[in-house]
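Structure, as structure tokens:
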Amino acid sequence: MPIIKFLKEKKEIEVPQGAWLREEAVKAGINLNCGVNGIGASINKFVNCQSMGTCGTCRVLIKKGMENTNPLTLREKFKFYVPVPEPVPVCLMYIGHEKEMRLACMTQVNGDIEVESSPEFNLFGVNFFS
């Protein structure tokens, strides 16, 4: 059975093959709906899109084992690469880490992975306003 290692939380969980990352994190008591740089994490735990892939608050970085996840979904591609005016009027690719970022609710675990939850937004970085 695959093992998910949460780096910031220093926690490892064993999950069934094909499990959804967000569901397994919730079962383990890990809040992946992080808000913006931690601001709003407490309310986003309850106010989110409920695994529909539309809010973007469950973004994570897959540090190791990206090949052990499903390919990017259409919703993730839209969320990452198409600028849409939302609460933060920018697509998620502009915060950096484009090759590692996934939405936990859209990520299926098929093997061992290492996950960094709550990646930081660099609102003044090189990529943000480009």
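The values are calculated or read from the model by the stated rules, or taken from the named source; none is laboratory data. Predicted model only: the values in this text are computed from it and were never measured. All Cβ positions, even for glycine, are placed from backbone atoms using ideal geometry, and neighbour counts span all protein chains on display. Only protein heavy atoms, including side chains, enter the accessible area calculation; ligands, DNA and RNA are left aside. Shrake-Rupley method; radii C 1.70, N 1.55, O 1.52, S 1.80 Å.
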Test: Glu12 is modelled with pLDDT of 90 or more, open to solvent by less than 60 Å² (accessible area, probe 1.4 Å) and of a type outside the set (A, V, I, L, M): no
Tally, over segment 80-124, of residues that are more than 20 Å from Lys8 (Cβ to Cβ), modelled with pLDDT under 80 and either of a type in the set (Val, Ile, Thr) or open to solvent by less than 20 Å² (accessible area, probe 1.4 Å) (or both): 6
For segment 24-47, give me each residue that is at pLDDT 75 or above and surrounded by 14 or more Cβ atoms within 10 Å (Cβ to Cβ). Glu24, Ala25, Val26, Ala28, Ile30, Asn31, Leu32, Asn33, Cys34
